[in-house]
Structures are given as C-alpha cells and as structure tokens.
1. Being over 38 Å from the mean Cα position of the chain (by Cα) and of a type in the set (Val, Ile, Thr) is the filter; apply it to region 34-47 and report the residue that is surrounded by the fewest Cβ atoms within 10 Å (Cβ to Cβ).
2. Quick check: is even one residue across region 210-230 in a loop (DSSP other than H, G, I, E, B) and over 26 Å from residue 181 (Cα atoms)?
3. How many residues does region 86-108 contain that are surrounded by 13 or more Cβ atoms within 10 Å (Cβ to Cβ) and in a helix (DSSP H, G or I)?
4. What is the residue count in region 282-308 for residues that are surrounded by fewer than 19 Cβ atoms within 10 Å (Cβ to Cβ) and within 26 Å of residue 177 (Cβ to Cβ)?
5. How many residues are open to solvent by 20 Å² or more (accessible area, probe 1.4 Å) and closer than 30 Å to residue 53 by Cβ if we restrict to region 182-218?
6. Within region 152-171, track down each residue that is of a type in the set (Val, Ile, Thr) and either assigned to a helix (DSSP H, G or I) or more than 20 Å from the chain's Cα centre (by Cα) (or both).
7. How many of the residues in region 246-281 are open to solvent by less than 100 Å² (accessible area, probe 1.4 Å), within 25 Å of residue 229 (Cα to Cα) and assigned to a strand (DSSP E or B)?
8. Only one of these conditions is not met by residue 231: (1) of a type in the set (Gly, Ala, Ser); (2) more than 28 Å from residue 69 (Cα to Cα); (3) buried (at least 17 other Cβ atoms within 10 Å of the Cβ). Which number is it?
Amino acid sequence: MINLQQCSLLVLAGKRDQGMLNPGGQIERPVGIHILESMLPKVVKRRVHALKRLQVQCANIEAKFYEEVHELERKYAALYQPLFDKRRDFVTGTVEPTDEECEWHSDREEEEELAEEVKEKAAIEDAKKEEATPREDPKGIPEFWLTIFKSVDMLSDMLQEHDEPILKHLKDIQVKFSEPGQPMSFTLEFHFESNGYFNNAVLTKVYRMKSEPDDSDPFSFEGPEIIDCEGCQIDWHKGKDVTVKTIKKKQKHKGRGTVRTVTKQVPNDSFFNFFNPVKASPDGEMDEDSEFTLATDFEIGHFFRERIVPRAVLYFTGEALEDDESVSVSSNVRLLLDTEKSTVWDEITQCTLSLE
C-alpha cells in the first residue's frame, strides 16, 4: 500500500504540472491532482486556496505584461516598416539597390563561387545561342511571395494551381497592430498590383485577441490568444473567382421523364478562401470540423505575423525552413516527453484511487 506522502513524491517525479489539450483546445488538468487536493487536511486545503488566490492575481499581472508587450510590438512595428517598405521596393523592382546595399558576406562563399563559375559557363553557352534575341534582365525578384508560399508546408497545403497566377501579383504582406485603447488585434494586409482577377488593391484578415484570464479557468492563462478572425470581400472580375467552380448536372423530370442539364456554382479549394474564414460561435459550440478549421486558421495567421512577414527573405532562400525543421524535431521530442508524462499521470491517478 502506498501512502499519501509517497503519492506526493510520485507527483514530483512527474516533473511539472503540464495540462493536456482536449479536442476543443481547452486545458484539462490531470485527474490525480484534483483527487490529491481533495484528500488534504482541511487546514492545509485552506492555505492552498489562499495560494490559488495569489495565483489568480499573478495571472492578472501577467495579462497586463502582455498588454504592454503588444504596445511594444506596435511601437517597434513602426520602426521596422521603413525597412519592409524598402524590401517591397526591391522585390517589385521599383527601386534598384545600390552596390553597397548588395554587399553580403556568406559562410558559403566557396560553394557560391563554384556555382557562379558554373553559371558563367552556362551563360556563355546561352549567349552564343541567343545572340540574335538577347534576353532582358528580370524586374525585381520575380515570384518572391509565391516562392515562399510554395516552400512553406503550412501555406502550400492551401495553395492550388489556379491560385499561382494570382499570387504572382502579390507585392507585399504587412502586419498592422491595433491602436492604443482599442481591443487587442492584428491585421494582415496582402498588397497586390493591378491584375486581371480582382479589383482590390489590398486584401485584409483581422485577428482579434484576448489577453486576460478566463474567470471560469484562470489557471489556464498562458498569454494572448486569438479568439476570432474576419476576412474581406474580394471584388472578383467576372468569371475569375477561383473560390467557386461551375459544374453541370443532369436532372430528370419526375412527371415527364425529360432530362435537362443544370449549371450551378459550388465551393472550390483555393488559398483565397483564407479571406472567408469560419466564424467563431459566440456560445463556443462548434462541430469538430469547424473547430479544427478555425484553429488551423489561427495558427496560419500567427505564423504569417511571427515568421513569414519578419523573415520573408529567409523563407525565400530556404534558410528559415532549416530553422523550422530544427524546431519541428524539438517539438517531436517534447511530444514524446509529454506522452511519458501522461503515463506518469495515469499512475498517479491509480495511486490516489488506491488510497480511498
């Protein structure tokens, strides 16, 4: 028989109190902890309640901390923006960088020199073949954002072949933070050059956030979370809407037996469905598919804000993808550890139940 003290030691052996997510994304506390608390002497439980009140106060202070972090992000976004504007000008070819701006020391210089030699030889051969029809230098960095979309798994999963010609017109992606005194949010702005697909110069996606402990579960607070998002109306040119497709279906008249062909539009897979997201239910009741779709949307929005926009050139070259793969390996290791912890919590539960 294991006594209460031994069970407490087993809890400590389980490292730290890690909650587990249920399908709805809420944190579930291990059952053994609640049982353990209920078995404490009344006078000790009373003191534990006092500690919990302190913990709630800590969570409220933490919420204020994240509000100030948001203000800092907004402040520094204004400092980054001139650099991002210059990036846009280089990408679109509006401005040609100076020789000084193009100076860059690479750790892979030898590889690059060898590659350059190969390119020069190929260029000489091409020049011989194309003397009669000389080629013009490309403008800016062609297909900069499209290349990023195709390289990042999270984005390429949404990308369809019919989206690619449209995304070739994407000039820039910007993040705008909510103003002081307004509810916490951020907006993704996708800036397009004039094109034959839609009239919008900018497509937007707003992500609304919450940064305060939930009264019903204050201990689950771990910082700001996205709670809702809103897209925009795309003003498609006639026949150019890639989010729908036209299908023909034969219908037989029940009375006369005649057959007619009916044409109708149905939803079509496209990246541009990103701007028509699933709406979060006010009462929190959503089916599992909608819940998963919305959670994925939130993850993509956060990824654009935290990774793609600030580090775009590194995703274009592939260097950031190498970093992400390292993070992915670390995440897999953590998943294995969490699985082991889950086993420990099962043992704790059995242990505490055996004390009854």
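The values are calculated or read from the model by the stated rules, or taken from the named source; none is laboratory data. Note that the coordinates shown come from a computational prediction; the quantities given were computed from them, not determined experimentally. Positions of Cβ are generated from backbone atoms using ideal geometry, with glycine treated the same way; all protein chains shown enter the neighbour counts. Accessible surface is based on the protein model in full, side chains and every heavy atom, while ligands, DNA and RNA are left aside. Shrake-Rupley method; radii C 1.70, N 1.55, O 1.52, S 1.80 Å.
1. By that ranking, first place goes to 43.
2. no
3. The total comes to 7.
4. Residues that pass the stated criteria total 9.
5. Number satisfying all stated conditions: 11.
6. Within region 152-171, just 166 meets the criteria.
7. Total meeting the criteria: 1.
8. Exception for residue 231: condition (2).
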